[in-house]
Amino acid sequence: MNALMSKKKVRATHTKSKTGCRTCKIRRVKCDESRPGCKNCDSTGRKCDGYGIWTTVNIPATKEVAPVVHTVYPQPGSDIPRGTCNMTVLLSLPKLNDEEKICFDFFRSTTVVKLPGVFYSHFWQELVLQACVAEPAVLHAVIALGSAHRIEEQTLRPRGAIAPDRDELKRREVFTIQEYSKAISALRNRKTEDKNASLRVVLITCVLFVTLDLLRGEYGNAMTHTQSGWKLMKELQSCNPGTATPQLEADLSSDCTSVDESLSESLACLSVQSALFGCKTASSHLDISQAAHISDMKIPSSFRNMSDARRSFNIILGDIIALTEECRSFDYSGSPYPPQIGSRQICLQSGIASWKMAYSRSRDVLVRQANDDRTIIGVSLLRVFLSMTSIMAETALCRGQQSLFDDYTSHFTSIIAQTLHLLRSAAHKKMADAGHYDSEELVGDFIADVGILPFMYYTALKCRVPWLRRQAIALLLMTPIREGMWDSFIMANVARKVMIAEEDGFFDSYADEIEPGPFDNPIDRNERLKHIPPLPESSRFYDVELEMYDPLKGSGKLILRRQKDGEEGCWEAVACSFDFSTLKRRTYADVDYSPLHPNGSPVSSSASSAASRCP
């Protein structure tokens, strides 16, 4: 017996898991790898130290820690209902002062819920909170963003309480800047031999800085930070050549769960959003994020989840923006398109058709997977974007001929009809967990992702059917929302200036007929008003370039270009400054959905809709 007992125990051979949390690795137990914290640790009262995002945890042992309970929202498609389940993970943070606690708590309870909009974001809903535990730079950037978002919310929506006075707002602004400075100092003072770890920390902080800049209306800084982020991402990918990004996952076979994928996807969304806005620097960086193009990607016959659908769609949208920009350069010079331009257009049109087919097959599944009303709206939102991208792809080689857009009146009509449906859905459903937010808040907030504004603005610029154009502008005016760089108030008034410059009184004799209410049925008007002549080609602008001086006040410059006398390569430019600061912005209280029946159909009442008409 003693001889047997003296024999060394032989550990059974097995393949080591490199993806378990640090705590389970130290304890030498199998990790269940639940995200964002493993259940093994939670069930035994231990703190889960995460999944190796960084090689070391940089929290000084001498600092006191303040336990923070963070509600985690499951990814769409999981078996856990988002609105009914209260999953929590205990985060150990360095001890914060009272103001820091308030702003951090606001960030985790409000900001991370609202900023992603209607699309699930691994970056916002998991990665950032995990990073706060380990990295002071991320923590202070989060507090700065939470502070700025709190200022925005309490200034615009005091919820029955008294809004902060000028002195209090100034104090909070100073606090925000101080936390921003602390984040920068923490980045500078961070010491580690792991270059990849440092790059990831800087990238996470960079995305937070971009969002803070957008929230504060500092669009120039936002673009600078985005460009810096792509340079860092390129450096990270060169250090890790096997690293996949959402755009490189051509077979779309895995969810976006890794840190590098999450960062790349966040930067790609910011770049696409900025490029749609018209920022040339953003579109120039799409080639970094678009390492895979539609020609490299095989779109599946159906999508497993919303992440798959959106990642593939972003590839298509990025390629369309790049093609449009390239065609524009040939149009301005009058040079002929090279043969590969036409081939790329055909490839894009084929990709859009494949995506549409996969979406149609998957739509019911995606809706069933949705954990809340926001995600259901996200499913519908992609379909509206598809209508816009179809027009963009088919008109990319238009050679400046804007009358070509008249052939897509049915597409523009569909965009408006679908937008009306989205707004009705947002107005008649609770949009967030446990009824925490009212239905109006989905259409009255700052979000970091795209929503309805890009395709409504595109319709207001490119659709010259006068009643549809005015309805698009009216919907922008009555929907007070900011989506990154996109501000519905500014976009509506810019589109109105372009419309006035193009029409120049052409439709004055039809004024009573073409002025719609925002909830009018666009299909009925198309049939009833088809006797109205189209706007002449010579009046239409090919390109609208927008430069913002002060985004929050609504001042900037417009440069409008159109072909001169129909000659290719001969262009007329019209520049004009604008200042919308004296115009009244709609507030959340102004948004009135009363012209709707309970079933969501429009009420035929000219009196009820007149107040929301395009001025």
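None of the figures in this text is laboratory data; all of them are computed from the coordinates on show. Just so it is clear, the model here is predicted, and its values are computed rather than measured. FYI the Cβ positions are ideal-geometry reconstructions off the backbone, even for glycines, and counts take in every protein chain you see.
Report, to two decimal places, the Cα Rg of segment 306-350 normalised by 2.2 N^0.38 Å (N = number of residues).
Segment 306-350 yields a ratio of 1.36.
Using a basic spin-label model with each label point 7 Å from the Cα along Cα→Cβ, how many nm lie between Ile346 and Gln227?
With each label point 7 Å from Cα toward Cβ, the separation is 3.7 nm.
For a quick check: sort Ile143, Ile151 by the number of other beta carbons within 10 angstrom, fewest at the front.
Arranged by neighbour count, lowest to highest, Ile143, Ile151 become Ile151, Ile143.
For each of Tyr408, Tyr549, count neighbouring Cβ atoms within 10 Å of the residue's Cβ, then give the residues from fewest to most.
Ascending Cβ contact count within 10 Å gives the list Tyr549, Tyr408.
Any of Lys114/Lys191; Lys114/Lys231; Lys195/Lys231; Lys95/Lys234; Lys530/Lys584 with alpha carbons more than 24 Å apart? Name them for me.
Lys114/Lys191; Lys114/Lys231; Lys95/Lys234; Lys530/Lys584
Looking at segment 291-390, which trypsin sites (Lys or Arg not before Pro) are in a loop (DSSP not H, G, I, E or B) and have at most 13 other Cβ atoms within 10 Å?
Lys298
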